[in-house]
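The values are calculated or read from the model by the stated rules, or taken from the named source; none is laboratory data. Since this is a predicted model, take the numbers as computed values, not measurements. Cβ atoms come from the backbone with ideal geometry, glycine included; neighbour counts cover every protein chain shown.
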Amino acid sequence: MGLTSLWQRGSARLRQPLKPGIDLLGSQQTCFPPPKQLGLNLAPAAPAWSLQRLSTIIQQLIDQPTAELMLEARYGRHCLSRLWLEVPVDQLAVLWQGPLGQLQRQIINSPLRHQPLSRDERRWHHRLLTELNADEPAADRWNHLLAAVLYLEQNEFPETIDADALPSWLSEFISWCGACRQEPRALLSPGAASSEADPATLPRLIESTGQELLEQLAEQPTQKRALGLLRLLQVDPEDQEVLDELQALRLMLAQLLLDVDQGSLETLYRSPIGDLYRLMVHSSLCRRELSARDQEHRDQLMQLLLEADGHHDDALLLAVALFHPIEKIEINLDTFDLPSWLPGAWRELNGGTHPR
């Protein structure tokens, strides 16, 4: 047999398939029937959004909060929260240390975190915490933690999350929660623990000390009771028992504003106690005729504010709003010595209008 014949026979063998019936060069593909139900999540995705745009919104919200910016930030926060649930678990650390994590920290430190949640936001918050607090930790527990952090309250921490079990790239979450659990006394001025704090400058509206007021108003039962009273006031504005309790609560809030250290007043304003304060200011209680005692308190606070000596202008201004309809307080903010955050907060408190 010649060399040509041997080469042809060898070449033919190389072209044969590995096993009979398998064509490695063919284009036909086997079709596998799909299962009746794969279990895909067919819920529509959140609207398209831009990380840069949301970052800009949050920065503007920090600089000068408005109701419109707050609404946009709420939608953006939900988009980011949903995104964390979809991120591959092995990419969480990379994304947390990049622009997404930077945006997350920006939101956590913005005024948005201190706002009361809407009804659907509360449902979303509850759903995330339910997943986190499940008996058996899921593989995506850190996804849920990052999604939930955006909605955690100031002193809230998932029950089943052990700080020691957090991955190293989430170590700053421990310090953030530690900051959220700041001792109430740290918000008070050095002399506010007694009932004689700064007697030459600020009045004592009630006998309770600043420390007692802060601890009492920070308790969830107190806050829930206050919210219930405000709802009852809407149902029956003439219920005297409800009015008496709310008037007492108003004095507590006003006195606490006077007792808090000036450097910590914004922290208080952005806290759940501040949420309660804003609800009180917007309630019909502040538009009712004052009792003789409360009218005396209001006049005393207003007189101190108008003296324009630059001492405690921020606390006095916020306290006055508890005794007088805020939309009727006609003052020029430029004449007062106010911290940079307060004019924007005042405009938001006043419904987005600019006080005169």
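Tabulated data
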item	result
Sole residue being over 30 Å from D140 (Cβ atoms), loosely packed, with under 10 Cβ neighbours inside 10 Å and at pLDDT 60 or above, chosen from G2, G21, G39	G21
Filter result (in a helix (DSSP H, G or I) and under 15 Å from L166 (Cβ atoms)) within the stretch 105-150	L132, R141, W142, N143, H144, L145, L146, A148, V149
Members of the stretch 269-300 that are among the polar types (S, T, N, Q) and under 20 Å from Y151 (Cα atoms)	S271
Condition broken by D337, with the remaining ones in (1) part of a helix (DSSP H, G or I); (2) in contact with a helix residue (DSSP H, G or I) (Cβ under 9 Å, 6 or more places away or on another chain); (3) loosely packed, with under 15 Cβ neighbours inside 10 Å satisfied	(1)
Exclusive hit being out of contact with any Leu (no Cβ under 9 Å at 6 or more places or on another chain) and either modelled with pLDDT of 80 or more or over 30 Å from L117 (Cβ atoms) (or both), set D313, D294, D299	D299
From L279, L258, residue being surrounded by fewer than 17 Cβ atoms within 10 Å (Cβ to Cβ), hydrophobic (A, V, I, L, M, F, W, C), assigned by TED's automatic domain parsing to the domain that holds Q211 and in a helix (DSSP H, G or I)	L279
Failed condition for L214, given (1) at pLDDT 90 or above; (2) touching a strand residue (DSSP E or B) at 6+ places or on another chain (Cβ under 8 Å)	(1)
Lone qualifier among L40, L51 - being in contact (Cβ under 8 Å) with a residue 40 or more places away in the chain and either within 15 Å of Q106 (Cα to Cα) or not assigned by TED's automatic domain parsing to the domain that holds A147 (or both)	L51
